[in-house]
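First comes the structure, then the notes that go with it.
The values are calculated or read from the model by the stated rules, or taken from the named source; none is laboratory data. Given the structure is predicted, the values throughout are model-derived calculations rather than measurements. Every residue, glycine among them, receives a Cβ derived from its backbone with ideal geometry; neighbour counts consider all protein chains shown. To get the accessible areas, we keep the full protein, side chains included, count just its heavy atoms, and leave off ligands, DNA and RNA. Shrake-Rupley method; radii C 1.70, N 1.55, O 1.52, S 1.80 Å.
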Amino acid sequence: MDLVTSEIVHWDVGQSSDRAELMVNTKDPNVVFTRPGNSVTGLARTYPVIGWNEGIMTGSIFDFDNDGWADVYMGNSDYPFDHGLLFHQDKPDHFVAVPLAQGIDHHRSHGSAVADFDHDGDLDIVVGHSFARCHQDAMDDSECYATQQVRFFENVLGDKGNFLTVRLVGGAGEATILARVGEGIVSTIGSAESHKDVLEHPDSISKTVLGKGLDAGTAYEILSIDIADVEVGVNIGAKLQMDQANADKNIAQAKAEERRAMAIALEQENLARIQEMRSRLVEAEAQIPMAMAEALRTGKIGVMDYYGLRNLQADTEMRQSLSQGKELPPKV
């Protein structure tokens, strides 16, 4: 295969610039291309002004006249005085420019798509319009369209020629047709909002399946699909909802059990802390007699102070016992 390059070139660069051209494949195993030059291939372009700019960045290669030779369309960007260029390949690796009046007259062309849009056997083309450099100079506005519109160019050469359309018929067998019908019935029932809709209108199944054209391109024709009866088997939707509800219940129970276990663990930890505090209290109270003895021995408190403290302790115990309804222990 050969190659057509695309480049942006300005007039002041000179002949050293690489303009868009045809690269011919020499069929060398090392993949070598040659440059015949635009003057040899017929792809040379000229412009009506000295300060020209060429922006061939997009284009299409297609056989617009169905002669078996690929032709070239070059989009010429949004530079002033530029328009799309269509070249017809009249012989191998040689092209002839198609006049604008006979080809594609589209200024500031940018972007193209080729297809047989009207199904007449020849290739048409859709071309875009770049608006970037429009309305920058008064003399350039005439080349700018009102909007960044896309224009469709219909190829009318197919009206005068013949073309052949090949369509495979009979590729699918009876088993394939039955499988398609079964799939259509299942998908139609599955897409219904409720099984009640299917029970009320069973004919909607056959209408939907027939409307899909499942017999297209086959040697069979589906005349009708008769739905005699519709029986509700397992309510899959309800079953799925029940399964989901059970799963949610199990998750909730597991979380509740987790919270209960944490509460029990916290209670045990608090009980252990209480026992620890009581142990510390008993330990502290055991230090009191020794501290009192040390105070008496060192003379920090007197004997009368000690008895006064004992009387105060006895009065406190009596008040606590009375408030709790306990009897006082007999004193010896």
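Summarising the amide proton neighbourhood of ARG108: residues at separation of 5 or more, or on other chains, whose placed amide H is nearer than 5 Å comprise ASP82, HIS83, GLY84.
Between 0 and 90 degrees, the angle of helix 236-298 with respect to the longest Cα principal axis of the chain falls at about 40 degrees.
The Kirkwood hydrodynamic radius of region 50-153, based on inverse pair distances between different Cα atoms, is 14.3 Å.
Every helix of 4 or more DSSP H residues in the chain counts as -39500 (n - 2.57), and over all residues that averages to -12500 deg cm²/dmol at 222 nm. Computed over protein heavy atoms with a 1.4 Å probe, the carbon and sulfur contribution to the accessible area of the chain reaches 56%.
The label point for GLU269 and the one for VAL13, both projected 7 Å from the Cα toward the Cβ, are 7.6 nm apart.
In terms of the Cα gyration tensor, with a ≥ b ≥ c the square roots of its eigenvalues, is region 1-96 rounded because a/c is under 1.5, prolate because a/b exceeds b/c, or oblate? Since a/c reaches 1.5 but b/c is at least a/b, the shape of region 1-96 is classed as oblate.
Which three numbers, in whole Å and largest first, are the semi-axes of the equivalent ellipsoid of the chain derived from its Cα gyration tensor as √(5λ)?
Computed over the chain, the values are 98, 45, 20 Å.
Measuring only protein heavy atoms, the 1.4 Å probe finds TRP52 accessible over about 50 Å². Only alpha carbons enter this Debye calculation for region 254-332, each as an equal point scatterer, and the log10 of I(q)/I(0) it gives at q = 0.14 Å⁻¹ is -0.76. Helix 174-191 and the longest principal axis of the C-alpha atoms of the chain enclose an angle of approximately 50°. Over all other residues within a Cβ to Cβ distance under 14 Å of ASP229, the charged ones net out to -4, with Lys and Arg as +1 and Asp and Glu as -1. Over region 230-272, the hull volume per residue, using the convex hull of the C-alpha atoms, is 31 Å³. Other residues lying with their Cβ under 12 Å from the Cβ of GLU174 contribute a combined charge of 0, Lys and Arg counting +1, Asp and Glu -1. Taking only the C-alpha atoms of region 175-332, Rg followed by Dmax gives 44.2, 126 Å.
Ligands, DNA and RNA are left out, and with a 1.4 angstrom probe the accessible area of the chain is 70 Å² per residue. Computed from the C-beta positions of GLU221 and ASP120 and an R0 of 22 Å, the FRET efficiency is 0.20 to the nearest 0.05. Annotation for region 171-252: GluC sites (Glu not before Pro) lying in DSSP loop with at most 14 further Cβ atoms inside 10 Å of their Cβ are GLU193, GLU221, GLU231. For the set PHE153, PHE33, the ranking by accessible area, highest first and with no ligand, DNA or RNA atoms included, is PHE33, PHE153 under a 1.4 Å probe.
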